[in-house]
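Just below is one structure, and these are the notes that go with it.
A short reminder: the numbers here are calculations on the coordinates, not readings from a lab. Here the structure is a predicted model, which is why all the values come from computation and not from measurement. Neighbour counts are summed over all protein chains in view; Cβ atoms, including those assigned to glycine, are modelled from backbone coordinates with ideal geometry.
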Amino acid sequence: MTTKEKQFTPEESLQLIQEMILTAKSSLQGNSFYFLLWGWLAFTAAITHFILLTLTDYQRPWLPWPILMTIGGISAAIYGYRSSKTETVKNQINTFMGYLWGGFMISLLIVLAFMFKIGPEVAYPVIIIFYGLGAFVSGGMLRFRPLIWGGVSCWLLAAISFMIPFEYQLITTAMALLFSYIIPGHILTAKDTHV
């Protein structure tokens, strides 16, 4: 260590970590938009897919997914671009969260690309597991219990999904999104408006 580098006391290190967590929580509250956007769009796609599959003779019941996810991708890109212009603080937790959710998206795309090979009966429970992992790790890093419990609920729903027919996996997928994205997203939004 050079003489110019400052050595932190344990108390200062703890304070720095707490400040980083608070900054990341604040950033997450501001970005509850993403949880709500993706949560509501995917929830709507899952429920619409279920209705079209079970109650109609429509030949492409899966069609809500690409339509709504395209809308979500465009909306998220515009929001992200605008938000990046006003972002002033970047810390290690924000960087970690970026890698976590970037890894989530890549993993999700791989599963979707090979759904024809593994079948939707396996793909959907695996996707629910990914939802759980993202929510659980985010909640743990930020000490935000609604995300932690959302992640746990996803894993329980994924286990159930492996044992039920595909059409009902669409319902468990919607429930997973409700517990891991939508409810925590609304709680974050409510906290953000009360700050």
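Just a few scattered comments:
- Full-extension gain in nm, R143 to Y99, via 0.36 nm per residue minus C-alpha separation: 14.0 nm
- Between I74 and E167, the simple label model (points 7 Å from Cα in the Cβ direction) yields a spacing of 3.2 nm.
- With R₀ fixed at 25 Å, the C-beta to C-beta distance from F116 to I51 puts the FRET efficiency at about 0.60.
- A Förster radius of 22 Å combined with the Cβ-Cβ distance from S84 to A190 puts the calculated FRET efficiency at roughly 0.35.
- Additional length obtainable on full extension of the chain from A159 to L63, 0.36 nm per residue less Cα span: 32.0 nm
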